[in-house]
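Report on the structure given below.
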Amino acid sequence: MPKIAIYNYITFFILSYDFKNEKPHLHFVKGKHYGLPGKIWLETLKFAETGDFSDHELNLIEKLVHKYQKQFIEIFNNYKSSNKKQRTLTLKLK
């Protein structure tokens, strides 16, 4: 379960078994994988699952993913093709 990025208390990650049948997306959780995870499609920025995040937090996540969308898609595809570990991104909104 590669950790892709962090922003304050939100961790973004990929599940390796998702590469087989799913389009590029990220899962996200609060802290160190506490609570229900959410899932966002990287191409459309639509939430597949919202987990236990508030509307405010989901808006923040959407803004972050939009800002880093190209990088996230590239990282997802790199993992899919080579399964090589990437450096974890520390996200900033501004």
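Since every read-out is calculated from the coordinates, none of them should be taken as a lab result. Treat the numbers as computed from the prediction; the structure is a model and nothing was measured. A quick note on method: Cβ atoms are made from the backbone with ideal geometry, for glycine too, and the neighbour counts reach across all protein chains shown.
Loop only by DSSP, 12 or fewer other Cβ within 10 Å of the Cβ. Give me the trypsin sites (Lys or Arg not before Pro) in the range 34-74 that pass, ordered by residue number.
Answer in residue order: K46.
Using alpha carbons only, how many angstrom separate the centre of the range 39-94 from the centre of the range 1-36?
8 Å
Against the longest principal axis of the chain, how steep is helix 69-82, in degrees 0 to 90 to the nearest 10, with axes from Cα atoms?
It is inclined by approximately 40 degrees.
Tell me, what HN-Hα J-couplings in whole Hz come from the Karplus equation 6.51 cos²θ - 1.76 cosθ + 1.60 at θ = phi - 60° for each residue of the range 11-24, using x for Gly and Pro?
Result, rounded to whole Hz: 10, 9, 8, 10, 9, 4, 6, 6, 5, 5, 10, 10, 6, x.
222 nm [θ] for the chain, helices only, -39500 (n - 2.57) per DSSP H run of 4+, per residue, to 500?
It comes out at -9000 deg cm²/dmol, rounded to the nearest 500.
At a 10 Å Cβ-Cβ cut-off, how would you order L91, L26, fewest neighbours first?
So the ranking, lowest neighbour count to highest, is L91, L26.
Using +1 at the C-beta of Lys and Arg and -1 at the C-beta of Asp and Glu, which of L91, I14, I40 has the Cα lying farthest in the positive direction of the dipole of the chain?
L91
Can you say what percent of the DSSP beta bridges in the chain, counting only those with both residues inside, are antiparallel? Round to 5.
Roughly 90 percent of the DSSP beta bridges within the chain come out antiparallel.
What does the charge add up to near P2, with Lys and Arg as +1, Asp and Glu as -1, over the other residues with Cβ less than 14 Å from its Cβ?
Overall, the nearby charge balance is +3.
May I ask for the Kirkwood hydrodynamic radius of the chain, worked out over all distinct Cα pairs and given in angstroms to one decimal?
13.1 Å is the Kirkwood radius here.
Any idea what angle helix 55-67 forms with the longest principal axis of the chain, computed on alpha-carbon atoms, 0 to 90 degrees, nearest 10?
So the inclination is approximately 40 degrees.
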